[in-house]
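The values are calculated or read from the model by the stated rules, or taken from the named source; none is laboratory data. From a predicted model like this one, the values you see are computed outputs, not experimental measurements. Cβ placement follows ideal geometry from the backbone for every residue including glycine, while neighbour counts extend to all protein chains displayed. The area values use the complete protein model at the heavy-atom level, side chains included, leaving out ligands, DNA and RNA. Shrake-Rupley method; radii C 1.70, N 1.55, O 1.52, S 1.80 Å.
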Amino acid sequence: METDDRVIVLGEDVGPYGGVFGATRGLHERFGERRVLDTPISETTFVGAAVGAAMCGFRPVVELMFADFVGFGFNPLVNQAAKAHYMFGGQVTVPLVVRTAIGAGLRAGPQHSQMMYSLFAHVPGLKTVAPATPYEAKGLIMSAIEDGGPVVFCEHKALYADRGDVPEPPYKIQIGSANVVREGTDVTVVAACQMLKRALTAAEALEASGISLEIINPRTIFPLDTSLILESVAKTRHLVVVDEDNAFCGFGSEVVSTVTREAFGALAAGPVLVTPPHTPVPFSPVLEDTYLPGSDAIAQAARHVLESA
Amino acid sequence: MMTGKTGHGVTLVRMDMVGTSVQADSDQVETLLGFYKSMVRIRFFEEAVETAILAGRMPGFCHLSIGQEAVPVGVSAALRPGDYVASNHRGHGHALAMGCDPKAMMAELFGRSAGLSGGRGGSMHMADVSKGFLGTDGIVGASLPLACGAALSALLRDSEQVAIAFLGDGASDIGTFSESLNLASLWLLPVVFVVENNLYSEGTSQVRHQRVDDIAERAAGYGLPSAVVDGMDVSAVATAAISAADRSRKHLGPSLVECKTYRYRGHYVGEPEGYRTAAEVEQYRELDPLQSLKRRLIAGHGVTEQVLGTIEADVRAEIDGAVAYGAAGMPPDPGEIERFTYV
């Protein structure tokens with residue numbers, strides 16, 4: 001916002017309130033009423049208006065409070081933002097970022113906890129990113145804002161309270177680049193957002209048993225950095241994918257499918273996919289904890305994939 | 001003529017807008033001849049499209065606005081270079097009135113690479129952003145938020161640009177209508193919502209899809225001034241649109257203009273149209289915007305049949321040329337199918 005006047009922020013409570021998760025805190029005070037706009041509760045229209053403003057020279061960053069509310073904002077996202085560049089023959093670009101809170105673990109219940117990123121990633125024309133650390137959040141939001149097209153920026157609610165080193169000067173993390181968070185030799189584990197932390201816990205637990213996990217954080221859901229995953233699988237010959245989204249037609253299934261298609265010969269055993277059950281996210285702490293894959297389940301999956309080799 | 005709940009029966013022009021003293025120069029003969037030519041262009045263009053589709057020469061399906069020409073042409077009188085228009089599924093007339101090239105539009109409808117959208121869009125997805133035409137749109141109610149966003153861009157630039165959202169009576173029932181009127185009113189966006197009330201939401205008559213006669217009444221609930229005009233009278237539309245746009249240019253905010261109009265064709269080309277009678281269509285043909293303007297020009301302005309005939313012949317040649325151009329164009333290269341998916 002400091003370097004580009006075209007960047008504006010809009011959404012519910014993003015102004016003096018600072019966003020329900022505090023993500024826009026201080027922006028209104030610093031950049032003023034004209035660049036930080038509180039909207040009425042009307043997602044279809046303010047996402048649509050952001051698309052219109054993007055088509056007319058601005059770079060709006062929209063906050064869609066919870067990804068679960070995307071039903072209201074889905075039309076402008078899917079039918080305008082994602083398609084305008086294509087269906088108008090390349091005449092126009094839609095440099096739009098839709099930031100939205102995803103994920104379970106906060107006892108927020110079925111309508112405020114869903115992951116949704118597989119849904120976004122399924123739509124041609126949209127890029128979908130999902131940072132796992134504060135460092136990545138900054139580097140990826142910079143890239144998302146500078147991207148010429150629409151980007152859905154998924155922020156996991158359970159990670160908002162995390163602390164981490166974030167350099168003051170601007171920097172970017174390329175959209176479509178994953179990273180190896182922990183090097184290992186026995187099993188490749190792909191895990192995003194909250195699941196990354198749990199995979200790291202599983203890796204530490206397995207270390208004592210002499211099992212070495214290589215953990216990959218995709219950072220971008222689409223376009224997926226398949227080459228990094230395939231490189232890792234070529235080395236470890238085993239794959240576990242952990243996905244907090246539902247399995248059916250989901251991101252995790254896509255990773256399994258891609259690796260199976262592209263590197264079948266490299267696999268010593270069938271890949272294992274760890275996901276929640278195919279249900280809405282339940283409210284009761286007991287049920288929600290059962291719903292979310294834990295580090296134990298991830299460790300067990302890693303053992304299983306090695307044993308079945 | 002048409003009274004009661006089954007037709008418009010309304011030629012009332014009610015202006016509760018600020019600044020309605022602005023008069024269109026819409027009684028000048030040059031202006032009227034320009035209106036006539038623009039309306040004839042839309043009529044001939046769409047008749048040619050209909051012919052091509054029914055003959056199986058043009059792919060897809062589309063929605064024609066034959067009968068409604070006075071609305072886009074009247075609104076275009078209020079527009080200046082730099083203004084924006086967001087259109088809907090019945091948008092060929094809007095595009096033509098914004099100055100989009102009939103050849104490129106026809107090529108698009110034939111699915112050609114030289115089409116306005118490179119053959120990727122078709123009838124409901126054609127834009128010419130260089131002219132401020134942000135596209136026809138296949139999603140009912142989508143034009144309002146887009147126009148709000150275009151208007152927001154104008155507001156943030158402190159420009160005098162105005163955005164127009166065209167929508168039908170059907171779209172006045174969808175959520176974006178309420179949301180966009182509220183947002184535009186709240187932010188004083190320079191946007192004019194132009195309702196083309198053609199009495200039918202697809203195949204459902206207005207009395208069967210909403211309780212009000214005048215959709216403009218709804219504007220007051222959001223703090224917007226509004227006007228109801230005879231949408232078959234291009235000058236009436238122009239006068240109202242100029243007032244509305246002028247209001248926005250003065251940073252006084254948005255407004256809504258409801259144009260009572262009628263389409264002679266079905267919701268889409270080839271529709272059975274079981275929901276209305278031929279007699280009703282004939283009644284509205286009596287109000288035809290082209291014929292009534294023609295009569296006015298001859299009787300009130302001394303324009304000869306010959307002058308009008310020349311205009312028609314010129315437009316006929318233009319549209320024939322566009323059809324030939326579109327029909328003969330090259331299809332897009334299948335190898336480029338993924339082009340323009342991502343920036």
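Taken over the C-alpha atoms, the range A:1-114 has Rg and Dmax values of 14.4, 45 angstrom. Residues in the range B:246-252 carry Karplus couplings, in order, of 4, 4, 5, 5, 7, 6, 9 Hz; the curve used is 6.51 cos²θ - 1.76 cosθ + 1.60 with θ = phi - 60°, and Gly or Pro positions show x.
In the context of the full protein assembly, B:ILE242 retains an accessible surface of approximately 30 Å², using a probe radius of 1.4 Å and ignoring ligands and nucleic acids.
Residues whose amide H comes within less than 5 Å of that of A:VAL7, counting only those at least five positions distant or on another chain, are A:ARG59 (H built at 1.01 Å from N in the peptide plane). Taking the range A:187-204 and a reference point 7 angstrom along Cα→Cβ of A:ALA268, the backbone N atoms nearer than 12 Å belong to A:187-188. Here the dipole of the protein assembly as shown is about 360 debye; that uses its Cα centre as origin and unit charges on the Cβ of Lys and Arg (positive) and Asp and Glu (negative). Remark on B:PHE133: its backbone amide H falls under 5 Å from those of B:VAL85, B:ASP128, a criterion applied only to residues 5 or more positions apart or on other chains, H modelled at 1.01 Å from N. With the convex hull of the Cα atoms taken as the outline of the range B:268-327, the averaged projected area works out to 6.1 nm². For chain A, the share of accessible area belonging to carbon and sulfur comes to 55 percent (1.4 Å probe, ligands and nucleic acids excluded).
Where does helix A:251-263 land angle-wise versus the long Cα axis of chain A, in degrees 0 to 90, nearest 10? Once rounded, the angle reads 60 degrees. Extent along the principal axes, Cα only, for chain A: 59, 44, 38 Å, with the longest axis given first. Under the convention that each Lys and Arg Cβ holds +1 and each Asp and Glu Cβ holds -1, the size of the dipole of the range B:173-253 around its Cα centre is about 300 debye. Once neighbouring chains are kept in place and the probe is 1.4 Å, which whole percent of the accessible area of chain B is contributed by carbon and sulfur? Answer for chain B is 53 percent, counting heavy atoms of protein chains only. Based on alpha carbons, the Rg and Dmax found for the range A:217-273 are 10.6, 28 Å. Values of log10 I(q)/I(0) for the range A:94-178 across q = 0.16, 0.18, 0.22, 0.26 Å⁻¹ run -0.63, -0.79, -1.09, -1.32, by the Debye formula with one identical scatterer at each alpha carbon and no solvent.
Dipole of the range B:233-326 computed with +1 at Lys/Arg Cβ and -1 at Asp/Glu Cβ about the Cα centre; of B:VAL323, B:ALA278, B:ALA244, farthest Cα towards the positive end is B:ALA244. Across the range A:158-175, coupling constants 3J(HN,Hα) worked out from phi with the 6.51/-1.76/1.60 Karplus curve, θ = phi - 60°, read 6, 9, 4, 7, 5, 10, x, 6, 10, x, 5, x, x, 8, 10, 10, 5, 5 Hz, and Gly and Pro carry x.
Between chain B and chain A, the total buried accessible area stands at approximately 3200 Å², from heavy atoms with a 1.4 Å probe.
Diagonalising the gyration tensor over the Cα atoms of the range A:198-302 and scaling each eigenvalue by 5 before taking the square root yields semi-axes of 23, 18, 11 Å, largest first. The phi torsions of the range A:239-247, fed into the Karplus equation with coefficients 6.51, -1.76 and 1.60 and a -60° offset, translate into couplings of 9, 10, 10, 10, 9, 6, 7, 5, 6 Hz, rounded to whole numbers, with Gly and Pro shown as x. Please give the calculated 222 nm ellipticity per residue for chain A, where each DSSP H segment of at least 4 residues contributes -39500 (n - 2.57) and the sum is spread over every residue; nearest 500 deg cm²/dmol? That comes out to -10000 deg cm²/dmol.
Output the Kirkwood hydrodynamic radius of the range B:36-163, Cα pairs only, in Å rounded to one decimal. Answer for the range B:36-163: a Kirkwood hydrodynamic radius of 14.7 Å. Computed from point charges on the beta carbon alone (+1 for Lys and Arg, -1 for Asp and Glu), the dipole magnitude for the range A:15-69 about its Cα centre is near 280 Debye.
Report the percentage of all Cα-Cα pairs in the range B:211-343 whose separation exceeds 24 Å, rounded to a whole percent. Here the tail beyond 24 Å accounts for 61 percent of pairs. Taking square-rooted eigenvalues a ≥ b ≥ c of the alpha carbon gyration tensor, is the range A:143-227 rounded, prolate or oblate, where a/c under 1.5 means rounded and, failing that, a/b exceeding b/c means prolate? Since a/c reaches 1.5 and a/b is larger than b/c, the shape of the range A:143-227 is classed as prolate. Entry note, chain B: the mean residue ellipticity at 222 nm calculated from DSSP H runs of n ≥ 4, each adding -39500 (n - 2.57), is -13000 deg cm²/dmol after division by the residues and rounding to the nearest 500. The GNM of chain A, with springs linking C-alpha atoms under 10 angstrom apart, assigns the highest mean-square fluctuation among A:PRO293, A:PRO285, A:PRO271 to A:PRO285. Hull volume per residue, based on the alpha-carbon atoms of the protein assembly as shown and their convex hull, is 164 Å³.
The largest accessible area among A:MET1, B:MET105 belongs to the first residue in A:MET1, B:MET105, and the rest follow in falling order (1.4 Å probe, all chains). DSSP finds beta bridges in chain B, and of those with both partners inside it, around 20 percent are antiparallel. The antiparallel fraction among DSSP beta bridges confined to the protein assembly as shown stands at about 15%. Give me the distance between the Cα centres of the range A:135-205 and the range B:191-217, rounded to whole Å. Answer, in whole Å: 49.
Computed from the alpha carbon atoms alone, the convex hull of the range A:88-244 holds 130 Å³ per residue. Taking a ≥ b ≥ c as the square roots of the eigenvalues of the Cα gyration tensor, an a/c ratio of 1.5 or more together with a/b no larger than b/c marks the range A:34-80 as oblate. Between the chain alone and the structure with every protein chain in place, find the residues of the range A:40-56 that drop at least 20 Å² of accessible area; heavy atoms, 1.4 Å probe. By number: A:PRO40, A:SER42, A:THR44, A:THR45, A:GLY48, A:ALA49, A:GLY52, A:ALA53, A:MET55, A:CYS56. Here A:ALA309 and B:VAL207 are evaluated by their C-beta separation; at R0 = 60 Å the FRET efficiency comes out at 0.25. The residues of chain B have, on average, 38 Å² of accessible surface per residue, using a 1.4 Å probe with all protein chains present. With the charge dipole of the protein assembly as shown set up from +1 on Lys and Arg Cβ and -1 on Asp and Glu Cβ about the Cα centre, the Cα lying farthest toward the positive end among the listed residues A:LEU292, B:GLN68, A:PHE58 is that of B:GLN68.
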